[in-house]
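Read through the structure below, which is laid out as C-alpha cells, and then see the notes.
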Amino acid sequence: MKITFPHMGSSPIAFRMMIEKLGHQVVMPLRPNEKTLSLGSHYSPEFACIPFKILLGTYLEAIKRGAEMIITSGGMGPCRAGYYGVLHEKILKDLGYDIDFVVLEPPQKKAVNFIKKLSKITRSNSLSVVWDALSTAWQKLKVLDLIEALSYEIRPREAVKNETTNVMEECYKLIDRAWTKEEIKESLDRCTKMLKAVKTKDSIKPLKVGIIGEIYVVLEPAANFDIQRMLGDMGVLARRSIYLADWTKDNTFFKGEEHIKKAAKPYLQELVGGHGTLSVGNTVLYAKEGYDGIIQLAPFACIPEIVSKSILGKVTSDLDIPLLTLFIDEQTGKAGVKTRLEAFVDLMQSRRNHKREALA
C-alpha cells in the first residue's frame, strides 16, 4: 500500500519511519509551495481556510505520485477542522480519485473507533511490530521537537549568520537515518552537541516573543513564511506554544493543557473550539513570564482564533504586553509579513528601552 499524510513541519520524518516499519510504501508529502496552495484553492470551497486548501493541494500532489491511502487527523468541538477529512475525501472522489481515506479522530471519547481505523494500517502486522513502529516514531517525533526548539534558542545569538540553519539540515538527515530507539537517542545527543557548538554572542539579550494560534499555521513553515526563523534572523527569540509531540500527548489518551485553560479562565470560560482557549491562556502565561510581545497566527476566517482575538485585546491591556495578529490566506505575502514583523520588533525594543530608562 502506498500511503501519504499531511506535511506539518518536520513531522513527516517520523511518520515515514512508522509507515515503513508497518510494511507500507511511503509517498512523502512535499513541502507546500505556491503551486500546492493554488492547486488546493482551485478545488476548495471559496471560504475554506488556508490549512484546508494547502492540505488538499498536498493530497492531490501525492496522488499524482502514486498515493493509494491518505492518513490524517480529525477533531472535536466547534471547529471546522473536524470536517476536513470528510470534505477532502468527498472532493477527491468527485474528482474521480478512488483513494482510501483514514481519518484518525481523537480517541478520548471513541477509543474503539480509533483502534478500528488504526487497524486498517496495522492489520497485517504482529503486536510487537506495531508497538515498535508506534513507539519509535513517537520517540523520533519528540526528538525532532526538542532539536527544533533548541535551534530557535540559539539562532538569535548566532555569531555567523545561517550557521544554525546549516547545522539543522545535518540534524534532520541524522534523525531521518535513525531507525532504532538507540539510534534515535544517539541522534539526539549528536544534534544537541552540534547545536551547542554553534558560536554565539552570549552578551546579546534578545527580545522574547510568544507565538500562539491555530496549530497548522503555527507548525507549518510553508504556511507562516517560516516566521520563527525570520524572527530569529532579526535577533528575536521566538517560542511557540505548540509542538506536535506535546499536542498529540495532550489530545489522545492523556489529559493535558489544564494549566493553560486555567490561565484563560478569567477571560474565557466557554469552549470555542480549535486552539482559541489555548491562545488566550498562553498569552496570559507568556505575559506573566516577562515576554516582550505576542504574535497570533491564524487562518483567515478561523472562528476560534477570531473569538480569541476579540478577547486578547482585554488580556494584553490588562497585562501590558503588545500583540500582533496575522490572519493568513492565499493573498498573504512574505514581504508584507516581514514588514509587519520589523515594525513589531521596533515597538517591542522601544518598550524595553523605555522600561530600562524608567528603572534607571
message: Quick check: from the Cα gyration tensor, does the range 206-360 come out rounded (a/c under 1.5), prolate or oblate?
response: oblate
task: Mean Kyte-Doolittle of at least 0.5 plus a Cα span of 18 Å or more along the axis: flag which DSSP H helices in the chain meet both, please.
output: 50-64, 127-154, 303-319
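What is the magnitude of the charge dipole of the range 319-360 about its Cα centre, with +1 placed on the Cβ of each Lys and Arg, -1 on the Cβ of each Asp and Glu, and no other charges, expressed in debye to the nearest 20?
Working: 7 positive and 6 negative charges, 44 e Å.
Roughly 200 debye for the range 319-360.
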- line: Among A222, A133, A343, the residue with the largest mean-square fluctuation in a Gaussian network model of the chain built from Cα contacts under 10 Å is A343
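Tell me, what is the FRET efficiency for L134 and H259 to the nearest 0.05, using R0 = 22 angstrom and their Cβ-Cβ distance as r?
Details: r = 27 Å, r/R0 = 1.24.
Step by step, r from the Cβ atoms, then E = 0.20.
So if we plug the beta-carbon distance of I204 and Q25 into 1/(1 + (r/R0)^6) with R0 = 41 Å, what FRET efficiency do we get, rounded to 0.05? Intermediate results must be reported in sequence, preceding the final value.
Values: r = 47 Å, r/R0 = 1.14.
After rounding to 0.05, the efficiency reads 0.30.
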query: Could you give the dipole magnitude of the range 135-253 about its Cα centre, charging the beta-carbon of Lys and Arg +1 and that of Asp and Glu -1, in debye to the nearest 20?
result: 400
field: Size of electric dipole in the chain: Cβ of Lys, Arg +1 and of Asp, Glu -1, about Cα centre, debye, nearest 20
entry: 480
- request: Please give the length that would be gained between F47 and S310 if that part of the chain were fully extended, namely 0.36 nm times their separation in residues minus their C-alpha to C-alpha distance (nm, one decimal).
  value: 92.6 nm
task: Note down the nm distance, to one decimal, between modelled labels 7 Å out along Cα→Cβ at E330 and at T165.
output: 2.8
message: What FRET efficiency comes out for E186 versus D246 if R0 is 25 angstrom and r is the Cβ-Cβ distance? Round to the nearest 0.05.
response: 0.65
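Shape call for the range 295-360 from the C-alpha gyration tensor, a ≥ b ≥ c root eigenvalues: rounded (a/c under 1.5), prolate (a/b greater than b/c) or oblate? Intermediate values should be presented prior to the final figure.
Numbers: a/c = 5.94, a/b = 1.50, b/c = 3.95.
The shape class here is oblate.
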- line: The answer for L104, listing residues at least 5 apart or on another chain whose modeled amide H is closer than 5 Å to its amide H, is T72, S73, G74
- prompt: How many percent of the alpha carbon pairs in the chain exceed a separation of 29 Å?
  reply: 43
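When DSSP assigns beta bridges and you keep just the ones with both residues in the chain, what percent turn out antiparallel, to the nearest 5?
Working: 1 of 26 bridges.
Beta bridges within the chain, antiparallel portion: roughly 5 percent.
Every read-out reported here was derived from the displayed coordinates using simple, explicitly stated rules and does not represent laboratory data. Values in this document were obtained by computation on a predicted structure and should not be read as measured data. Reconstructed Cβ throughout: ideal geometry from the backbone, glycine too, with neighbour counts over all protein chains shown.
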